[in-house]
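The values are calculated or read from the model by the stated rules, or taken from the named source; none is laboratory data. Here the structure is a predicted model, which is why all the values come from computation and not from measurement. Heads up, the Cβs are rebuilt from the backbone with ideal geometry, glycines too, and the neighbour counts pull from every protein chain shown. Surface accessibility is based on the protein's heavy atoms, side chains included, excluding ligands, DNA and RNA. Shrake-Rupley method; radii C 1.70, N 1.55, O 1.52, S 1.80 Å.
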Amino acid sequence: MSRSRGRRYDNEPKLNIKKVIATIVAIIVFIMFVLSLKNLLTKEEKPKEVVNVETYFSSMQDGKWGVINNKGNNVIPLDYNEMIIIPNKTKDIFICQTDTNYENGTYKTKVLNKEGKEILTNYNQVEAIQNSENSQVWYEDDVLTYLENEKYGLIDFSGKKLTEAIYDKIYALPGIEKSIIVEKDGKVGLVSIGQVILEPEYAEIKSLNKSNSSAGYIVKNSDNKYGVIDGTKKQLLDFKYDEIKQVSGNNLYVVKENGTLKVIDKDDNTKLENKFDDVLAINGENVIIKKDGKCGIININGETKIPTEYDSLTIAFDKNYIASKDGKFGMINLDNNQVVEFKYTAMSYRTEANFVEAEKENYKTDIIDSTCTPVLEDVIISDVDNEKGYVRVRKNDQYKYYNFKFEEKNAQDILTANTLFLVKQNGKYGYQNKNGQLVVDCIYDDAKEQNEFGYCAVKKDGVWGSLKSDGTVVLKPSVNLDNNLQIDFINDWYLFEDSTLNTYTK
């Protein structure tokens, strides 16, 4: 027997099944959207791998040499007895030394690419051109030498011949990039960026500026007279001087003629003479001089701006100068007024960053800005990156970042390519991601910020190891690097004790 629901229900319109299903689906979709949004806002972001252009480094293990890339993979096996030279770390040009005879100093070379294939086989004894300055060693990154009939020539990295093999020697102009000295029959010439600037018919060539060739070159001719030539072969000063100092500025030069040291302009007009024993620098209209062992400043009109009473004077900001007196360093202006107290053991001007680094007796440093004000005090400078425009300092065991306006920045604002960022909690170091979420627990006694290749150096119980860019352990801390001035890892390879070699070992 059927059971009646009652009159009220019997008269109700029948349910629309399609509408019910549509409503249920809409509710489910809405719930899924809310849950997805919640997950998106709360889910921890996993660090991604750091992606770099492939670069190359010499490697060494157990007395054998090879090449690795920036992921720590072997490119050239550890088969060689001598260090493999990599003139340009972004190009797979690897110069290997073979058949070395240590008694008579002879050897052969071969050039390999990243597949281990020998290249540039049309040339004999291909070698890189080494240069150095202030303990930094580098190689010309676009030109090589070759040997033919016991004479040297130049080729580029593709094997294009830049000069015939007609030179007795080829070497870099010390401290100057892309300026190559070629020597023939006891005379020297100059090649720059693959072009012959000066034929080898001179007695001596050096840069007018000690660290930059753009100002030109001081050249000594066969009559032992000096002149100045720029990089376009234009004669700036005639060959008539007994000496030309590596000091210039504002189209002014320091020369010695007939035994007299003087400052002249580009038209050979004498601006200053008989007022100094030496000229140290030119800053606009002002000239830093030395007389009777003391330093001061005069202008090109011969007026004394700062009397010769300082042990040293160097250019800093605009019209302010770093000075030393009685073993202490400070700063003065052109009115000879002290603008920074004489209390530092050393001071140096960072040209690109436009600040003065002032060292103290406690081995800490003050950073002084262009207003001659100490903006950071008692810090240790760990890095100055002119390209990215920041300085990284350590103070009270904390690393901090500042732009060149000395505004404090988060590491995430500066190191935009990084996936991990150093953090310290309860005296221990770990890493967080760009959202500030802890990825690597703070368990390390010391640690370095993630390097450009994505690896982090970490220290625990006196030894070092490395982490990948996602925070996983590559090398458990196990390496003693107490003798290393610089700590850096590529995968499980660490930078060699002599960091100037730019070699990794394990």
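Just a few scattered comments:
- Close pairs from segment 391-403: first free of Cβ contacts under 8 Å to residues at least 24 places away in the same chain and open to solvent by 30 Å² or more (accessible area, probe 1.4 Å), partner part of a strand (DSSP E or B) and among the hydrophobic types (A, V, I, L, M, F, W, C), Cβ under 7 Å, at least 6 apart: R394/V379; R394/I380; K395/V379; K400/V393
- Of all residue pairs spaced 6 or more apart or on separate chains, those with beta-carbon atoms under 6 Å, a first member in segment 458-486 that is in contact (Cβ under 8 Å) with a residue 12 or more places away in the chain and a second member that is basic (K, R) and surrounded by fewer than 17 Cβ atoms within 10 Å (Cβ to Cβ) are G465/K476.
- Counting only residues that are closer than 15 Å to N386 by Cα and touching a strand residue (DSSP E or B) at 6+ places or on another chain (Cβ under 6 Å), segment 403-419 holds 3 of them.
- Residue check for T500: surrounded by fewer than 14 Cβ atoms within 10 Å (Cβ to Cβ) and modelled with pLDDT under 95: yes
- In segment 320-332, residue most open to solvent (accessible area, probe 1.4 Å) [restricted to those that are of a type outside the set (G, A, S) and touching a residue at least 24 places away in the same chain (Cβ under 8 Å)]: F329
- Index of the failed condition, T100 passing every other in (1) at pLDDT 95 or above; (2) surrounded by fewer than 20 Cβ atoms within 10 Å (Cβ to Cβ); (3) among the β-branched types (V, I, T); (4) not in a loop (DSSP other than H, G, I, E, B): (1)
- Among the residues of segment 72-88, the ones that are under 25 Å from Q450 (Cα atoms) and surrounded by 17 or more Cβ atoms within 10 Å (Cβ to Cβ) come to 3 in all.
- Looking across segment 457-506, the residues that are in a loop (DSSP other than H, G, I, E, B), closer than 30 Å to S132 by Cα and in contact with a strand residue (DSSP E or B) (Cβ under 8 Å, 6 or more places away or on another chain) come down to N480, L481, N484, Q486, I487, D488, N491, D492, F496, N502, K506.
- Test: residue in segment 413-421 that is within 30 Å of C372 (Cα to Cα), of a type outside the set (S, T, Y) and open to solvent by 30 Å² or more (accessible area, probe 1.4 Å): yes
- Selection status of N336, in contact (Cβ under 8 Å) with a residue 40 or more places away in the chain, touching a strand residue (DSSP E or B) at 6+ places or on another chain (Cβ under 9 Å) and open to solvent by 20 Å² or more (accessible area, probe 1.4 Å): no
- Of all residue pairs spaced 6 or more apart or on separate chains, those with beta-carbon atoms under 6 Å, a first member in segment 432-457 that is in contact (Cβ under 8 Å) with a residue 60 or more places away in the chain and over 14 Å from V474 (Cβ atoms) and a second member that is open to solvent by 20 Å² or more (accessible area, probe 1.4 Å) and among the acidic types (D, E) are N433/E45; N435/E45; Q437/E44.
- Restricting attention to segment 379-390, the residues that are outside any strand (DSSP E or B) and open to solvent by 30 Å² or more (accessible area, probe 1.4 Å) total 3.
- Residues being open to solvent by less than 80 Å² (accessible area, probe 1.4 Å) and within 16 Å of K328 (Cβ to Cβ) - total across segment 340-358: 10
- Test result for V34, modelled with pLDDT under 50 and open to solvent by less than 100 Å² (accessible area, probe 1.4 Å): yes
- Scanning segment 302-317 for residues that are of a type outside the set (A, V, I, L, M, F, W, C), assigned to a loop (DSSP other than H, G, I, E, B) and either touching a Leu at 6+ places or on another chain (Cβ under 9 Å) or buried (at least 19 other Cβ atoms within 10 Å of the Cβ) (or both) turns up just one, G302.
- All of V440, V375 fail the test of being part of a strand (DSSP E or B), open to solvent by less than 30 Å² (accessible area, probe 1.4 Å), among the β-branched types (V, I, T) and more than 22 Å from T55 (Cα to Cα), apart from V440.
- Picking from residues in segment 76-94 that are in a strand (DSSP E or B) and in contact (Cβ under 8 Å) with a residue 40 or more places away in the chain, the one that is farthest from K468 (Cα to Cα) is I85.
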